[in-house]
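Working notes, structure below.
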Amino acid sequence: MRAASLLLLILFQSFIPQKAAGQEAKLLNTFQVKEAKQAVAVDKTHFYVINNSTIRKYEKVSGKLVAEWDGTSEGIKHLNSGVVIRGRLYCANSNYPEIPMTSAVEIFDVQSMNHIGNHSFGIAQHGSLTWIDQKDGFWYIGFAHYAGKESSEGKDVRWTTLVKYNLDWQQQEAWVFPRKIIELFTPKSNSGGAWGADNVLYCTGHDREEVYALKIPRSGYTLEYIRTIPAPIQGQGIAIDVSVKGKTILYGINRAQNTVTVSEIEGENPR
């Protein structure tokens, strides 16, 4: 009986994603920002705090607020996250928690902070748009599904999907998340994602103080889980500072403390 119990314990522990020994997100800096609720984006000189209907631009060195945009009058209700690419801020926009799920990408000029464009998915076939990034000339977009009363058309968190598009928004490929990560997302979903220079996809859930390192699989349709990395965040939208070469600098938010956190993912790079 004792041997059987021990075997069950070993099997249970092998199912739980293990935090990486020797790898963590070391805290480098924090900024007190009362609007830090949804996500943060970053470029060479500034970071951008995204919160439902507003975006606020801050200096990276001083933390000084230098510009802001308010989309309340334009009907923007739920910006989820954003990424800065060549002077433009692309934000994931959805109607969460309404049903049917509708989504769009909102585009801003980071110099003027003016809204300059939009790509609407309408009722997106894959779910609710939560994050967006670009790699090797393709868009990678996270579409979320939720459990319980926030579920859509009988679907649950297992339907959460990563979709690859070309630059004309034509779908190329798509993948689902590993079951062990879906368990950690539930009852919410995949809230953030960003590509590291190490060709690793870093993803977050809604609340947990950790980041999940994933890879595109060589075969099949399920993202390859590498490891779980403790981080000074509480889920939500994240950003990798690509202006810093040779390091993986992670920007995130801690909603309980109303802070933007800057950390470095140290230790052995996941392969």
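The values are calculated or read from the model by the stated rules, or taken from the named source; none is laboratory data. Since the structure is predicted, the reported quantities are computational estimates derived from the model, not experimental observations. FYI the Cβ positions are ideal-geometry reconstructions off the backbone, even for glycines, and counts take in every protein chain you see. These accessible areas exclude ligands, DNA and RNA; they are computed on the full protein's heavy atoms, side chains included. Shrake-Rupley method; radii C 1.70, N 1.55, O 1.52, S 1.80 Å.
Structure above, values below:
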read-out	value
Any hit, the range 217-228, residues being modelled with pLDDT of 95 or more, of a type outside the set (D, E, K, R), under 17 Å from TYR48 (Cβ atoms) and under 15 Å from the mean Cα position of the chain (by Cα)	no
Residues that are open to solvent by 40 Å² or more (accessible area, probe 1.4 Å), touching a residue at least 40 places away in the same chain (Cβ under 8 Å) and under 19 Å from GLU98 (Cβ atoms), drawn from the range 150-184	GLU153
Residue in the range 5-23 that is surrounded by 14 or more Cβ atoms within 10 Å (Cβ to Cβ), closer than 17 Å to ILE249 by Cβ and at pLDDT 50 or above present	yes
Whichever residue in the range 170-200 is among the aliphatic types (A, V, I, L, M) and more than 17 Å from LEU129 (Cα to Cα) and, among such residues, is modelled with the lowest pLDDT	ALA197
Members of the range 36-46 found to be open to solvent by less than 30 Å² (accessible area, probe 1.4 Å) and closer than 18 Å to GLN257 by Cα, listed by number	ALA36, GLN38, ALA39, VAL40
Conditions (1) closer than 20 Å to ASN80 by Cα; (2) in contact with a strand residue (DSSP E or B) (Cβ under 9 Å, 6 or more places away or on another chain); (3) surrounded by 14 or more Cβ atoms within 10 Å (Cβ to Cβ): number failed by ASP207	(2)
Matching entry among ALA144, ALA124 (being touching a residue at least 24 places away in the same chain (Cβ under 8 Å) and open to solvent by less than 40 Å² (accessible area, probe 1.4 Å))	ALA144
Qualifying residues in the range 234-259 (those that are free of Cβ contacts under 8 Å to residues at least 40 places away in the same chain and hydrophobic (A, V, I, L, M, F, W, C)) - the one least open to solvent (accessible area, probe 1.4 Å)	VAL244
Any hit, the range 53-69, residues being part of a loop (DSSP other than H, G, I, E, B), modelled with pLDDT of 95 or more and in contact with a helix residue (DSSP H, G or I) (Cβ under 7 Å, 6 or more places away or on another chain)	yes
Criterion violated by SER81 - all others in (1) within 26 Å of VAL242 (Cα to Cα); (2) open to solvent by 30 Å² or more (accessible area, probe 1.4 Å) satisfied	(2)
Any chance ALA92 is modelled with pLDDT under 95 and among the small types (Gly, Ala, Ser)	no
